[in-house]
1. Taking Ala108 as meeting all but one of (1) at pLDDT 95 or above; (2) not in a loop (DSSP other than H, G, I, E, B), write down the number of the exception.
2. Determine which member of the set Glu96, Glu127, Glu117 is under 24 Å from Pro34 (Cα atoms) and more than 19 Å from the chain's Cα centre (by Cα).
3. Regarding segment 22-38, can at least one residue be identified that is within 16 Å of Phe109 (Cα to Cα), hydroxyl-bearing (Ser, Thr, Tyr), surrounded by 13 or more Cβ atoms within 10 Å (Cβ to Cβ) and touching a residue at least 24 places away in the same chain (Cβ under 8 Å)?
4. Going residue by residue through segment 78-91, is there one that turns out to be surrounded by fewer than 16 Cβ atoms within 10 Å (Cβ to Cβ) and touching a residue at least 60 places away in the same chain (Cβ under 8 Å)?
5. Before we move on, is Thr95 at pLDDT 95 or above and exposed (fewer than 12 other Cβ atoms within 10 Å of the Cβ)?
6. Can you name the number of the only condition in (1) closer than 23 Å to Thr50 by Cβ; (2) modelled with pLDDT of 95 or more; (3) of a type in the set (Gly, Ala, Ser) that Ser89 fails?
7. Among the residues of segment 119-126, is there at least one that is touching a Lys or Arg at 6+ places or on another chain (Cβ under 6 Å) and either surrounded by 10 or more Cβ atoms within 10 Å (Cβ to Cβ) or part of a helix (DSSP H, G or I) (or both)?
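The values are calculated or read from the model by the stated rules, or taken from the named source; none is laboratory data. Because the structure is a prediction, the values reported are computed rather than measured. Note: ideal-geometry Cβ built from the backbone for every residue, glycine included; neighbour counts use all protein chains shown.
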Amino acid sequence: MSSSGPTILLDVFLTNQRRKQMIEAALAQTELPPEDYPVYVLVGAEGPWTPTGLARRMEMPLSTMLFRLGRLERRGHAERVPNPDDRRSYLIRLTEAGERLLGDARPAFRDYALAVEGRLGSGRVDELRAALEELRDAVTAELESRA
């Protein structure tokens, strides 16, 4: 390992920049802001969520998640509903308008994403997924060791 060259984390950053470009290209014909796309997907596909649960799922601070969810609510794409498991909290789900928007956007992005996976091949995708999990675990371990 060279101490003067770029780290693997720079490669991750650069890959994330390309991922952002891909989301922007895929969603160019929709009204869904690219930076909110993952929130729409998780709320639409896995929801409804409590804001705290969604923040944990996306590994974001709760304050960031509340900001993002507020944007969806102001657009009329998400709504709060009572949480049957905890009356002190609420669940967030997509409205019909939010579901329609996600219905337009998701196939466009999945087309790009599946094409990328096709370029790699299924075996390589599995290897990369495992390597990324290993990298995330190493980052977590380093953070915990310095806390």
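1. (1)
2. Residue meeting the stated conditions: Glu96.
3. Scanning segment 22-38, I find at least one residue that is within 16 Å of Phe109 (Cα to Cα), hydroxyl-bearing (Ser, Thr, Tyr), surrounded by 13 or more Cβ atoms within 10 Å (Cβ to Cβ) and touching a residue at least 24 places away in the same chain (Cβ under 8 Å), so the answer is yes.
4. No, segment 78-91 has no match at all.
5. Criteria not met by Thr95.
6. (2)
7. no
Let's see how each residue does on (1) part of a helix (DSSP H, G or I); (2) under 14 Å from the mean Cα position of the chain (by Cα); (3) at pLDDT below 95:
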site	(1), (2), (3)
Leu14	yes, no, no
Ala25	yes, no, no
Glu31	no, no, yes
Arg68	yes, yes, no
Glu73	yes, no, no
Asp85	no, no, yes
